[in-house]
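The values are calculated or read from the model by the stated rules, or taken from the named source; none is laboratory data. Keep in mind that what you see is a predicted model, and the values were worked out from it rather than measured. Neighbour counts run over all protein chains shown; Cβ positions are idealised from the backbone, glycine included.
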């Protein structure tokens, strides 16, 4: 009895020992809880609410977390957002997607903190947005499934940098563009499924080089063109290209293929005889194409064939009456073709174990659902030649019309160029001297063809009035004829007044002189370009006014830019705040910096050409009533005269753009430095950079230099991330400075680390409270 008790005690101790050794690390738990927050607290994760619970031991049909050695290795979450909209324009849809607050960038940044994650499956959770380039930071993934969400845009090439990836499933999204030509660079890829998306264009020849593939599913897209020879893919077992627009002849298949689904395309020609040698083939679906000729008898006799669907093609001729069907064949559909003769014995109704459909042909059977023999004995080739002839005539007529129209257009263009030198096209409106172009860094062609490549501009414009023209009378009434009492700021590029429109809306009105080199029409196009910039963290340009459309006494145009009024002062003033209730804590500063970094990143990449020189200063960051940061004075180099100076000593436009980009990164680094140290650094910037920057790298120097408010409210890890980022941004060597994408990622990571720390503090306070 004593021995039994001892053994029982030992077993229980062993069980608890195993559990303790696999206890999930607190940092990993915090990441999972942060993911729950990103996903906006889905009901599938309600069990994660209980504090102290080990999430590795919670499992359900919809949620499974697997851990190994105290680290999360697998995350599988299946949501219930099954509804799929017929289209998706990049904006969140109530009750179908996550809200507008969701950020795919931040979500991936959080996931990347799970360094041991190998399996990620997030299905039907309403996740929306473009798949970000930083997806490659999930570098140890072997299985990735993001099906039935609301992803749009192209598939980022950076996925190819996840070198261990074996399975990729992105079904049921709104991904568009052509099928990527780099999948062959993922050497371990065995399963690829992109069905039910909006992919289009031809398949690249690189498909033939994805030699590790076991299965590929591209059904229900808009892929067109040629299906390449797939015989080189010796491991391929499942092929599904159904419901596309492929219009070539059928391709050769690998010998070991088991399932081939090519229905509802526009394939032409005959079934290759090689298909009669696919001895492992179990299912072949070639229905609803334009295939013709006789059906190879060998595909009926394949030893593994179970299902054969050839309906709705143009197959003709007869099938051998003494055909011997494969023993496993249970389903055959040869209906709606041009087959004639007798039906083979093995396909007749007396074979009870086999379902056969053969209506809509000209077969000699007792069925009434056959067409007359004359329908099938017509010379199909002649009919097709006639059809092609008619099609050729139609194409010739259309081509002739196009040529005539082209000649007329060319003649009209020559006439206009000869007799209308003062045409009013946008290209002429922007045409100026070479000096005019070099001033702004934009050529006339670039300004005319400026286009946006980001949906952020659309999201940022929601709820904001459209840009419009203001009259000088409206502005005089709003500011009491620009009374001195309405003056709220002044800089080298003009004065700023506060005004109130007739609608009661408060606005900020910047008065500036713009380059005398710009004509009025040229200036209007520049202002229109500036007006297109819309982002939640940019002070919105509501409109403009060109006073009397004449030049002032200095020969320059006088322009008023009307912005939304941001009422809560600038960032530098808030950094100087001493009131404990109003002071900006570390998490507040990070939130403001992230917002401004997003805005600058948009200015650099969200429009072509990018706005690269944006006067980044702490006092140009304005805070609204919710303490959300908004960048002002951005993009003024397009029109402002003070910035309108030729760049000398450079190598042209490219060097100017690089210098401007680096200037923004350096200037943002100085804003980071103010956030760490306080506004006092401005007065001693050069001496600080020379003498005290090195001290920021050690704890003693941080205690002496960093703002006490920051030290009192930050976690050491979060602080270290931002200090390192600051040092890189203001590095004397421009080549070592980070990109703005890296700046944004590091700030978001620092904020998440800080949020996790703040969460631990709140939990600690709760546990210690009486």
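Can you name the residue in segment 555-595 that is in contact with a helix residue (DSSP H, G or I) (Cβ under 9 Å, 6 or more places away or on another chain) and assigned to a strand (DSSP E or B) and is also farthest from residue 524 (Cα to Cα) among such residues?
570
Name every residue in segment 596-627 that is crowded, with 20+ Cβ neighbours inside 10 Å, out of contact with any helix residue (DSSP H, G or I) (no Cβ under 7 Å at 6 or more places or on another chain) and part of a helix (DSSP H, G or I), in order of residue number.
Correct list: 596, 599, 603, 620.
Are any residues in segment 150-167 surrounded by 18 or more Cβ atoms within 10 Å (Cβ to Cβ) and either in a strand (DSSP E or B) or in contact (Cβ under 8 Å) with a residue 60 or more places away in the chain (or both), and if so, which ones?
Matches in segment 150-167: 150, 151, 152, 167.
Please state which one of 367, 349, 353 is modelled with pLDDT under 90, farther than 14 Å from residue 317 by Cβ, part of a loop (DSSP other than H, G, I, E, B) and in contact with a strand residue (DSSP E or B) (Cβ under 9 Å, 6 or more places away or on another chain).
Details: 367 fails: in contact with a strand residue (DSSP E or B) (Cβ under 9 Å, 6 or more places away or on another chain); 353 fails: in contact with a strand residue (DSSP E or B) (Cβ under 9 Å, 6 or more places away or on another chain).
Criteria check complete, one pass: 349.
Take residue 36 and decide whether it is more than 40 Å from the chain's Cα centre (by Cα) and either surrounded by 12 or more Cβ atoms within 10 Å (Cβ to Cβ) or at pLDDT 65 or above (or both).
no
Residue 181 passes all but one of (1) touching a helix residue (DSSP H, G or I) at 6+ places or on another chain (Cβ under 7 Å); (2) modelled with pLDDT of 95 or more; (3) outside any strand (DSSP E or B); which number fails?
The single condition residue 181 does not satisfy is (2).
If a residue has to be farther than 16 Å from residue 290 by Cβ and at pLDDT below 85 to count, how many in segment 387-401 make the cut?
The qualifying residues number 10.
Condition test on residue 299, is it touching a helix residue (DSSP H, G or I) at 6+ places or on another chain (Cβ under 8 Å), outside any strand (DSSP E or B) and crowded, with 19+ Cβ neighbours inside 10 Å?
Judged against the criteria, residue 299 is a match.
Sort through 242, 231, 266, 287 and tell me the only one that's assigned to a loop (DSSP other than H, G, I, E, B), surrounded by fewer than 16 Cβ atoms within 10 Å (Cβ to Cβ) and in contact with a strand residue (DSSP E or B) (Cβ under 9 Å, 6 or more places away or on another chain).
When all the criteria are applied, what remains is 266.
So, of the residues in segment 503-523 that are touching a helix residue (DSSP H, G or I) at 6+ places or on another chain (Cβ under 8 Å) and outside any loop (DSSP other than H, G, I, E, B), which turns out to be surrounded by the fewest Cβ atoms within 10 Å (Cβ to Cβ)?
Of all residues in segment 503-523, those touching a helix residue (DSSP H, G or I) at 6+ places or on another chain (Cβ under 8 Å) come to 507, 509, 512, 514-515, 517-519, 521-522.
Filter once more, so that each one left must be outside any loop (DSSP other than H, G, I, E, B): 507, 509, 512, 514, 521-522.
Values: 507: 21, 509: 26, 512: 21, 514: 24, 521: 13, 522: 22.
Restricting to residues being touching a helix residue (DSSP H, G or I) at 6+ places or on another chain (Cβ under 8 Å) and outside any loop (DSSP other than H, G, I, E, B), the top hit is 521.
Would it be correct to say that residue 158 is over 24 Å from residue 290 (Cα atoms) and touching a helix residue (DSSP H, G or I) at 6+ places or on another chain (Cβ under 7 Å)?
It is true that residue 158 is over 24 Å from residue 290 (Cα atoms) and touching a helix residue (DSSP H, G or I) at 6+ places or on another chain (Cβ under 7 Å).
Would you mention how many residues in segment 738-757 are within 20 Å of residue 588 (Cα to Cα) and either modelled with pLDDT under 80 or not in a helix (DSSP H, G or I) (or both)?
From segment 738-757, those within 20 Å of residue 588 (Cα to Cα) are 743-757; that's our starting set.
With either modelled with pLDDT under 80 or not in a helix (DSSP H, G or I) (or both) added as a condition, the list becomes 757.
Number satisfying all stated conditions: 1.
Quick one: is residue 189 surrounded by 19 or more Cβ atoms within 10 Å (Cβ to Cβ) and closer than 19 Å to residue 122 by Cβ?
Working: surrounded by 19 or more Cβ atoms within 10 Å (Cβ to Cβ): yes; closer than 19 Å to residue 122 by Cβ: no.
Spelling it out, it is not the case that residue 189 is surrounded by 19 or more Cβ atoms within 10 Å (Cβ to Cβ) and closer than 19 Å to residue 122 by Cβ.
Could you please let me know if residue 199 is in a strand (DSSP E or B) and touching a helix residue (DSSP H, G or I) at 6+ places or on another chain (Cβ under 8 Å)?
Taking the combined requirement at face value, the residue does not satisfy it.
Looking at segment 370-382, which of the residues that are surrounded by fewer than 11 Cβ atoms within 10 Å (Cβ to Cβ) and part of a helix (DSSP H, G or I) is modelled with the highest pLDDT? Working first, answer last.
Let us first name the residues in segment 370-382 that are surrounded by fewer than 11 Cβ atoms within 10 Å (Cβ to Cβ), namely 372, 374, 379, 381-382.
Applying the additional criterion that residues be part of a helix (DSSP H, G or I) yields 374, 381-382.
Working: 374: 82, 381: 49, 382: 49.
For segment 370-382, the residue satisfying everything is 374.
Keeping to segment 67-112, report how many residues are surrounded by 15 or more Cβ atoms within 10 Å (Cβ to Cβ) and not in a loop (DSSP other than H, G, I, E, B).
So the count comes out to 17.
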